[in-house]
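All remarks here apply to the structure that follows.
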């Protein structure tokens, strides 16, 4: 006797609706118990650059999706769970509802740092991504709708982000049956934000226009970061340089790397931070925090962040 589970029934219903020329039902994903939603936003209409392959020095295979773009993130209290244990049941649910997995990868195979900053990620504290421990998948539904799932974790919790793109849907594609509490805020200095959010903007740093050399003088953010690293010798950070969107991507990535390297050099030489605790890289204009359409937004996007590596 064949047993039809609720998930199988949804998949069969989707196939029957498609055969009849009717829209299939929206994907329904169930997260583990205790999951709390940290952010939910919609761009309607909007666009989303859908990753379909790993990052390589030659670029990344992508497709621009337009329509209703829904972005959501969840936090799952968990200490002994892996990213695969979180992603696998979500993947299974999508496949059982008729979704085709287009691309799936894990941290280094995705392209590590470069993939993370080349794809859209909700800002902390809503979403946290460990550059050495994350998983990603992209899937296509029966209505040619698309879903991406990004999973990562830190020492105390797992994080899940979904982005859905659907030009036929009047309601968000993916609905998780969890409560939506308020997002906790983390106040305090560099150390508190670094531990609480996973990264912190070193907002008092200054660079001459077009220059990669850090300005002279003492910086409170570097002093605080140096103290945190020397008090916690097992901790490591990566300094990530960011730019505005003026100029070419390669030119901006080079400039952002050099600025991050200049900050690293200052931390090691002037603040006595062991070099093994700090690395540097640059994302160019791939991870803006504000619109590049205004001078204020461009100034906010020109920054160096410290990202905590677990």
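Among the listed residues 96, 100, which satisfies the condition of being crowded, with 16+ Cβ neighbours inside 10 Å and modelled with pLDDT of 90 or more?
Values: 100 fails: crowded, with 16+ Cβ neighbours inside 10 Å.
Matching residue, one of 96, 100: 96.
Identification of helices (runs of 4 or more DSSP H) wholly contained in the range 46-127 with 1 or more residues that are touching a residue at least 60 places away in the same chain (Cβ under 8 Å) and more than 16 Å from the chain's Cα centre (by Cα) yields 83-96. Just one of the numbered conditions (1) over 22 Å from residue 309 (Cα atoms); (2) buried (at least 17 other Cβ atoms within 10 Å of the Cβ); (3) at pLDDT 85 or above is not true of residue 213: (2).
Checked against (1) more than 19 Å from the chain's Cα centre (by Cα); (2) under 25 Å from residue 195 (Cβ atoms); (3) in a loop (DSSP other than H, G, I, E, B), residue 268 passes all but a single condition, namely (3).
For every residue, the table says whether it meets (1) buried (at least 16 other Cβ atoms within 10 Å of the Cβ); (2) at pLDDT 50 or above; (3) touching a helix residue (DSSP H, G or I) at 6+ places or on another chain (Cβ under 7 Å).
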site: 29; (1), (2), (3): yes, yes, yes
site: 32; (1), (2), (3): yes, yes, no
site: 36; (1), (2), (3): yes, yes, no
site: 47; (1), (2), (3): no, yes, no
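Could you tell me whether any residue of the range 225-233 is closer than 20 Å to residue 274 by Cα, in contact with a helix residue (DSSP H, G or I) (Cβ under 9 Å, 6 or more places away or on another chain) and outside any helix (DSSP H, G or I)? Yes: one or more hits.
Conditions (1) modelled with pLDDT under 95; (2) surrounded by fewer than 22 Cβ atoms within 10 Å (Cβ to Cβ), marked per residue:
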{"residue": "108", "(1), (2)": "yes, yes"}
{"residue": "113", "(1), (2)": "yes, yes"}
{"residue": "134", "(1), (2)": "no, no"}
{"residue": "141", "(1), (2)": "yes, no"}
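So which residues in the range 163-187 are at pLDDT 60 or above and surrounded by fewer than 18 Cβ atoms within 10 Å (Cβ to Cβ), if there are any at all? Steps first, answer last, please.
Residues of the range 163-187 at pLDDT 60 or above: 163-168.
Selection gives 167, 168.
The values are calculated or read from the model by the stated rules, or taken from the named source; none is laboratory data. Computed from a predicted model, the values in this text were never measured in an experiment. Neighbour counts are summed over all protein chains in view; Cβ atoms, including those assigned to glycine, are modelled from backbone coordinates with ideal geometry.
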